[in-house]
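The structure under discussion appears below in the form of structure tokens.
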Amino acid sequence: MRRPLVMGNWKLNGSKAMVADLIKGLDAQLAGVEGVDVAIAPPVMYLDLAEQLLGKAESKILLGSQNVDVNASGAFTGDISPEMLKDFGATHIIIGHSERRDYHAESDEYVAKKFAFLKEHGLVPVLCIGESEAQNEAGETVAVCARQLDAVINTQGVEALNGAVIAYEPIWAIGTGKAATAEDAQRIHAEIRAHIAAKSEEVAKNVVIQYGGSVKPENAEAYFAQPDIDGALVGGAALNAESFAAIAKAAAAAKA
Ligand SMILES: O=C[C@H](O)COP(=O)(O)O
């Protein structure tokens, strides 16, 4: 049985005050909620503070980060290494988000390199994949997702997906309020799982596949009712403790 994972990607939002408020609010809202892993990925600047606050509260919330670079140390101005993320207690690291692929020209190969680097350092890659609106309209969704996954599978073997997380995020649904229907998302999730199953049924059976793109408390239940949707990667709704906790609760209830 796959354990659901609901992760909040705060993107470029936050302040010291907001980190404190959100963590406090989430801990209160999530008290007694079982059967779901909940993770937050604040901006890297706030990992230290988040780690301290989560520790003090003995929180079950997992700490994540929004990116990693591909060098361990040295003359790489502005880069962040896996060991630095580990040093601050981050375990779940988002890579390949469409915003990084688009705004920072990150290729499938480069994202796959990050994936390998995280695995090498014992961190959990949360690998984002998904198609643009034009690719969706051209019927290329499954091919795009397969290509993005194959960048990892063909270089590191399908077993590399063991313990990793995949986040299917149709780009046209991100931050637009135009979420994929639960049925459409399920169809793509099933295709993604089948693509992996063609190499290893065992890996496919165990890998957590999250949906991301305008997930809100109002639509969360419908996604989690789908057999191949194992959680969510949440942007906007993760910036509010009540909304984010409601999504996590919906996952716990649907997958119990
Ligand atoms: O990483 C999260 C996604 O990009 C979803 O963002 P959103 O929930 O604001 O649409």
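Give 122, 175 a once-over and let me know the one that is more than 16 Å from the ligand (Cβ to nearest atom), assigned to a loop (DSSP other than H, G, I, E, B) and within 19 Å of the chain's Cα centre (by Cα).
Working: 175 fails: more than 16 Å from the ligand (Cβ to nearest atom).
Going through 122, 175 in turn, just one is more than 16 Å from the ligand (Cβ to nearest atom), assigned to a loop (DSSP other than H, G, I, E, B) and within 19 Å of the chain's Cα centre (by Cα): 122.
Might you check whether a residue that is under 30 Å from residue 31 (Cβ atoms), in contact with a Gly (Cβ under 6 Å, 6 or more places away or on another chain) and either more than 16 Å from the ligand (Cβ to nearest atom) or in a helix (DSSP H, G or I) (or both) occurs anywhere in segment 82-89? Outline the logic, then answer.
Of segment 82-89, the ones under 30 Å from residue 31 (Cβ atoms) are 85-89.
Imposing the further condition that a residue be in contact with a Gly (Cβ under 6 Å, 6 or more places away or on another chain) reduces the set to none.
No, segment 82-89 has no match at all.
Scanning segment 22-47 for residues that are among the charged types (D, E, K, R) and surrounded by fewer than 14 Cβ atoms within 10 Å (Cβ to Cβ) returns a single hit, 34.
Mind listing just one residue for me: the one in segment 200-218 that is among the polar types (S, T, N, Q) and not in a helix (DSSP H, G or I) and, of those, surrounded by the fewest Cβ atoms within 10 Å (Cβ to Cβ)?
First, pick out the residues of segment 200-218 that are among the polar types (S, T, N, Q): 200, 206, 210, 214.
From the residues that got through so far, the ones that are not in a helix (DSSP H, G or I) too are 200, 210, 214.
Values: 200: 17, 210: 25, 214: 21.
Looking at residues that are among the polar types (S, T, N, Q) and not in a helix (DSSP H, G or I), I get 200.
Among the residues making up segment 86-119, those that are more than 24 Å from residue 172 (Cβ to Cβ) and either within 12 Å of the chain's Cα centre (by Cα) or of a type in the set (S, T, N, Q) (or both) are 91, 92, 93. Is there a residue in segment 219-242 that is aromatic (Phe, Trp, Tyr), within 16 Å of the ligand (Cβ to nearest atom), crowded, with 19+ Cβ neighbours inside 10 Å and over 23 Å from residue 18 (Cβ atoms)? Yes - at least one qualifying residue is present in segment 219-242. Just so you know, in segment 1-21 the residues that are crowded, with 22+ Cβ neighbours inside 10 Å and aliphatic (A, V, I, L, M) include one that is farthest from residue 61 (Cα to Cα), and it is 19. Here residue 53 passes the criteria (1) surrounded by 15 or more Cβ atoms within 10 Å (Cβ to Cβ); (2) within 20 Å of residue 118 (Cα to Cα); (3) not charged (D, E, K, R) except the one numbered (2). Flag not set for residue 196, criterion: touching a strand residue (DSSP E or B) at 6+ places or on another chain (Cβ under 7 Å), of a type in the set (A, V, I, L, M) and away from the ligand (no atom under 14 Å from the Cβ). If residue 160 passes every condition in (1) farther than 17 Å from residue 81 by Cβ; (2) more than 18 Å from the chain's Cα centre (by Cα) but one, which one does it miss? With respect to (1) farther than 17 Å from residue 81 by Cβ; (2) more than 18 Å from the chain's Cα centre (by Cα), residue 160 is out only on (2).
Among the residues of segment 202-219, is there at least one that is at pLDDT below 95, touching a Lys or Arg at 6+ places or on another chain (Cβ under 8 Å), of a type in the set (Gly, Ala, Ser) and within 23 Å of residue 138 (Cα to Cα)? Step through it out loud before you land on a result.
As a first pass, look at segment 202-219 and keep what is at pLDDT below 95: none.
Scanning segment 202-219, I find no residue that is at pLDDT below 95, touching a Lys or Arg at 6+ places or on another chain (Cβ under 8 Å), of a type in the set (Gly, Ala, Ser) and within 23 Å of residue 138 (Cα to Cα), so the answer is no.
Enumerate the pairs (first residue in segment 83-97 and of a type in the set (D, E, K, R); second residue anywhere and more than 16 Å from the ligand (Cβ to nearest atom)) with beta-carbon separation below 7 Å, excluding pairs fewer than 6 apart on the same chain, so at least 6 apart or on different chains. Final answer for the pair search is 83/72; 83/121; 86/121; 86/123.
The residues listed here are 134, 194, 164, 138; of these, the one that is at pLDDT 95 or above and either within 18 Å of residue 7 (Cβ to Cβ) or among the basic types (Lys, Arg) (or both) is 164. For residues that are in a helix (DSSP H, G or I) and in contact with an Asp or Glu (Cβ under 8 Å, 6 or more places away or on another chain), scanning just segment 90-107, find the one that is nearest to the ligand (Cβ to nearest atom). Filtering first and then ranking leaves 98.
The values are calculated or read from the model by the stated rules, or taken from the named source; none is laboratory data. Note that the structure is a prediction, hence the values are computed from the model and not measured. Ideal geometry is used to build each Cβ from the backbone, glycine not excepted, and the neighbour counts take in all protein chains shown.
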